[in-house]
Amino acid sequence: MLVVHAEFPIDPAKREEALELVRELAEHSRAEDGVVDYRVTADLEDENVVRIFEQYEDEAAVDAHMESDHFLAFQGQVPEFAGGEVELYRFDVSEKSQMM
C-alpha cells in the first residue's frame with residue numbers, strides 16, 4: 001500500500017473556494033479504482049492549512065490518480081488559492097493494523 005500526505009497552506013481570502021475544490025477532488029478521487037481511502041482535513045491549529053491523506057493499493061493506482069482529469073484540473077487551480085508551498089510526502093507501507 002502507498003500512503004500520500006499532502007499539506008496545502010491556503011490563502012485566507014480564498015479559503016471557502018479552496019475547501020470546495022478540495023471536497024470535489026476527494027469525492028472524485030474516492031471513486032477511482034485502487035483508492036483505499038482519500039480524506040481531507042482542516043488543521044485545528046491553523047484553519048488555513050488543509051491536509052489530504054491518500055491510501056492506494058499500488059503504484060498503478062497512484063499513477064492513475066495523478067493522470068486523472070479531476071486531479072489535473074485541481075492541480076491547475078492550486079496557484080489560485082495556495083498561501084505558500086505545497087508539501088507532498090509518500091510512504092510505502094508493508095502492512096496496516098488497527099491499534100484500538
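The values are calculated or read from the model by the stated rules, or taken from the named source; none is laboratory data. Everything quoted here is computed from the prediction, not taken from an experiment. Heads up, the Cβs are rebuilt from the backbone with ideal geometry, glycines too, and the neighbour counts pull from every protein chain shown. When the accessible area is computed, the model is the full protein with side chains, heavy atoms only, and any ligands, DNA or RNA have been set aside. Shrake-Rupley method; radii C 1.70, N 1.55, O 1.52, S 1.80 Å.
What region 6-100 shows is 67 Å² of accessible area per residue, with the surface traced by a 1.4 Å probe over protein heavy atoms. The dipole here belongs to the chain: it is taken about the Cα centre, uses +1 on the Cβ of Lys and Arg and -1 on the Cβ of Asp and Glu, and is about 200 debye. Longest span of the chain, sites excluded, free of GluC sites (Glu not before Pro) in DSSP loop with at most 10 other C-beta atoms within 10 Å? Formally, the longest exposed-site-free interval is 1-44. When a 1.4 Å probe is rolled over the protein heavy atoms, the share of accessible surface on the chain that falls to carbon and sulfur comes to 50 percent.
Within the chain, the proportion of Cα pairs with more than 19 Å between them is 42 percent.
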